[in-house]
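Written below as structure tokens is the structure these notes are about.
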Amino acid sequence: MLRGPIGVIFGDTGSLDFKFASADGQIISRTGYVKVWHESNGWVLAQVISITRSSEIYSLDTAISVAEGMQVRSSDEKIVAKANVIGSRNAQGILVVPKTPFSPGDRVYEADKELVQSTLGLAQDGIYLGLLQGHDVPVHLDVNKLVQKHCSILARTGSGKSYTAGVIIEELIEHDVPLLIIDPHGEYVSLRYENTDLEGSERFGITPKSYRSKVVVYTPANLTLNKEADKVFRLDEINLSAKSLAQMLAIDSNIQMGILHQAVSRVKEKIELYTIDDIINFCKEEKSKSKWNVINALESLRETGILSSSPTTIDELIKKGRASIIDMGGVTQELQGIIVARLCNELFQARKRGKIPPAMLVVEEAHNFCPEKGLEKSVSSNILRTIASEGRKFGLGIMVVSQRPARIDKNILSQCNTQIILKVTNPNDLRAISKGLEGFYSGMEEEIRRLQPGVALLVSNDIEHPIIVDIRTRKSKHGGKSIPIVTKEDKRGKRWTIM
Ligand SMILES: Nc1ncnc2c1ncn2[C@@H]1O[C@H](COP(=O)(O)OP(=O)(O)OP(=O)(O)O)[C@@H](O)[C@H]1O
Ligand SMILES: [Mg+2]
């Protein structure tokens, strides 16, 4: 049944926007959706972008008099809303905007759930992200599109990035998508516990859940130091190629690369199963003085203890119904980069050859692993760029999470089809976001600045228009920063060493 109108169009109208006058108490909020009947297009969806209240009685002089104690007869307040037209679906399901403007006098109604869903192109099921703000319409993302076409979650610190990433991870686990989570702060370990902070969860229809049976936590440190971890994580030390060593070691000069290649090809001829020690010995036989840089780099890698003859295999990490978390707690940033570089190369190669099922890679604090060119360097940049640009061909998705959008490689951000943006205030970060967003409209920057924690602007090629979503409550516990995942020694600046 059609509820009564909330307003009437007046003044000059266009086919892309219009103004309507509303009676008090009937107006819906800014960013709310309304509909208007158009003789050629049927019901057309529009979004309120501003609301103003005005009064002729309350002129400046009257207001001053009232402030000074004068009595005034009741207010003649007028409420005027401005709305942008989104459009309607034609018989072929294509979104179209009316060719002729609405007429002054046309009635404006609150948009119903079905019209909002079908016009915006919201999926009916899939990844349940939350509710469309102002309308309790569930917002779902298509699982295949999200994984294949990548996703970014960007916001300033404390705005709910990791919380939102946690929501998506829960949904991906429930859809049996294998996950590999690069977790610098051990925030996702708490997926193993039920959420106990359920304030406001009824609205989202969420019941607490633990993902204990699906989650395996790995530490590149050791199990004595990281009590939350299930297993240690190690990289293979046997028969490392010059290429994979170069990927881990930031070796960029041709001379150094030549020395490494030479040493590895000679070691291969002599020793069937060689280790990094053998490569170092062969490097020492080289004549060039540059060999010492290569030897130093190889020795530093050996000393991290990350290489082992019983490595963690990619087949073990990437399985259906499994989320593997690499908890980087206590690991230096340099070693984190080495691990991500090597692991992601193995992941990409294994997926390319079809050795593992389609999967999603989650990279928290992504600005550290794929920094924008000209800023810091990371050995993991190249492979993350490759996964972002080619991963979709092989069913390997990437989800990047960061509080510094301006400091992430733009190529990677631009490959993300789904962009979830929470509150951002830094002008450089806002600029970086606006450059990468399709359908960026003026006023969106202000919208992003004003977002409340836990509220996101969702921009996706599969949704017709950017939408504002109240992110749902987590089913499992949010790790965040409140869980003591670091030891006292860490807080005093001491770093864990690896055995
Ligand atoms: N959708 C939400 N529902 C309820 N609470 C939320 C939501 N999003 C965020 N919060 C609250 O906000 C806090 C901060 O969120 P979160 O840890 O995700 O921030 P962050 O953006 O990852 O910050 P940082 O940059 O410090 O990692 C959380 O501890 C949680 O209490
Ligand atoms: Mg976080």
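Please treat every number below as a calculation from the coordinates, not as lab data. Computed from a predicted model, the values in this text were never measured in an experiment. Cβ coordinates were reconstructed from backbone atoms using ideal geometry, including for glycine residues, and neighbour counts include every protein chain displayed.
A few comments on the model shown:
- Legend: calculated FRET efficiency, residue 100 to residue 144, from the Cβ-Cβ distance at R0 = 51 Å, rounded to 0.05, equals 0.85.
- Chain lengthening between residue 271 and residue 373 when straightened (0.36 nm per residue, less Cα-Cα): 32.8 nm
- Exposed GluC sites (Glu not before Pro) absent: longest stretch of the chain, with sites in DSSP loops and at most 16 other Cβ within 10 Å deemed exposed: 78-198
- Candidate membrane-span-like segments in the chain, meaning DSSP H helices with Cα atoms spread over at least 15 Å of their own axis and a Kyte-Doolittle mean of -0.5 or above, are 161-174, 254-270, 291-304, 333-352, 381-394, with no membrane implied.
- Pairwise centroid distance, computed over Cα atoms, of the stretch 310-358 with the stretch 443-467, Å: 32
- Spatial separation of Cα centroids for the stretch 244-307 and the stretch 101-123, in angstrom: 65
- Computed FRET value (nearest 0.05) for residue 332 with residue 59, which takes r as the C-beta separation and R₀ as 60 Å: 0.35
- The chain, relative contact order [Cα under 8 Å, separation at least 6], %: 20
- Using alpha carbons only, the radius of gyration of the stretch 242-302 set against its Kirkwood radius gives Rg/Rh = 0.91.
- Potential lengthening between residue 202 and residue 66 on full extension [0.36 nm per residue; Cα-Cα distance subtracted]: 44.5 nm
- Taking the Cα centre of the chain as origin and assigning +1 to Lys and Arg Cβ atoms and -1 to Asp and Glu Cβ atoms, the resulting dipole is close to 1220 debye.
- By other beta-carbon atoms within 10 Å, ranking 102, 204 with the fewest at the front produces 204, 102.
- Look at the dipole of the chain built from charges on Cβ: of 478, 348, 265, the Cα furthest out on the positive end belongs to 265.
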